[in-house]
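Worksheet for the structure shown next.
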Amino acid sequence: NCRTMQKLTRLKRELELLSTEPPVGVTCWQHKNQMDDLRAQILGCVNTPYEGGVFNLEILITERYPFEPPKIRFLTPIYHPNIDSAGRICLDILKLPPKGAWKPSLNIFTVLTSLQLLMAEPNPDDPLMADISSEFKYNKPAFLENAKKWTQKYAIQKKQQKPVDGDNSMETENSPSYLDTAATRKRTSSIDPENPKK
């Protein structure tokens, strides 16, 4: 099928670009060597409540890509007006016109940099989480404090999860413990992040 070949060729190019010239603070890779199932990590930007956090994302490439946007969600919980508790994201370029702004000239690179920008500059006028949005608008200090708490609790890498150069024992993105992170976090959400053994 010609369209599938075109899609694969384009994706290959995009992944090569992302591995050789990734946006600052962003990594993207194939999940289980699948071309249409990708994972990405975005580092929380300095001077934002997400600073120091590592946020994992799932990127599913649709059949009709690039004529349809990829389906992206956050796997790491994040306290943000435009991202809901299931990790779904409200961003115009992730939707087709007339409601959205996706066009085939955009790519995974531009989507990931746009998400980085959305994390740094939430858009409270197009929220997915109405309560977080009104807090962002009318009680900014409370929003910043809550977002920092969530970052500490869910997105700060624990020492044993940190990849070490040359350490083959590190967890890979395919290992069950990595994939189970979201579930584990839900179960341990009551644990004090400062003192996990409590």
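The values are calculated or read from the model by the stated rules, or taken from the named source; none is laboratory data. As the structure is a prediction and not an experimental result, all values here were calculated from the model. Cβ atoms come from the backbone with ideal geometry, glycine included; neighbour counts cover every protein chain shown.
For region 83-99, name all the residues that are under 27 Å from Lys158 (Cβ atoms) and not hydroxyl-bearing (Ser, Thr, Tyr).
Filtering region 83-99 down to residues under 27 Å from Lys158 (Cβ atoms) leaves 83-89.
The answer is Ile83, Asp84, Ala86, Gly87, Arg88, Ile89.
What are the pairs with Cβ atoms under 8 angstrom where one residue, in region 119-131, is modelled with pLDDT of 95 or more and the other, located anywhere, is surrounded by fewer than 15 Cβ atoms within 10 Å (Cβ to Cβ) and of a type in the set (S, T, N, Q)? Sequence gap at least six, or different chains.
Taking only residues 6 or more apart or on different chains, the pairs are Pro124/Ser134; Met129/Ser85.
Among the residues in region 53-61, are any touching a residue at least 40 places away in the same chain (Cβ under 8 Å), in a loop (DSSP other than H, G, I, E, B), farther than 30 Å from Lys158 by Cβ and among the hydrophobic types (A, V, I, L, M, F, W, C)? Outline the logic, then answer.
The initial filter retains those residues of region 53-61 that are touching a residue at least 40 places away in the same chain (Cβ under 8 Å), namely 53-57, 59, 61.
Now drop any that are not in a loop (DSSP other than H, G, I, E, B), which leaves 53, 61.
Now narrow it down to the ones that are farther than 30 Å from Lys158 by Cβ: 61.
Next cut, among the hydrophobic types (A, V, I, L, M, F, W, C) only: 61.
Checked region 53-61: at least one residue is touching a residue at least 40 places away in the same chain (Cβ under 8 Å), in a loop (DSSP other than H, G, I, E, B), farther than 30 Å from Lys158 by Cβ and among the hydrophobic types (A, V, I, L, M, F, W, C).
Quickly run through region 84-116 and pick out the residues that are closer than 20 Å to Pro22 by Cβ, surrounded by 12 or more Cβ atoms within 10 Å (Cβ to Cβ) and either small (Gly, Ala, Ser) or without any contact (Cβ under 8 Å) to a residue 60 or more places away in the chain (or both).
Looking only at region 84-116, we keep the residues that are closer than 20 Å to Pro22 by Cβ, and these are 89, 91, 93-94, 105-116.
Checking the rest, the ones that are also surrounded by 12 or more Cβ atoms within 10 Å (Cβ to Cβ) come to 89, 91, 93-94, 106-116.
Residues satisfying the conditions are Ile89, Leu91, Ile93, Leu94, Leu106, Thr110, Val111, Ser114.
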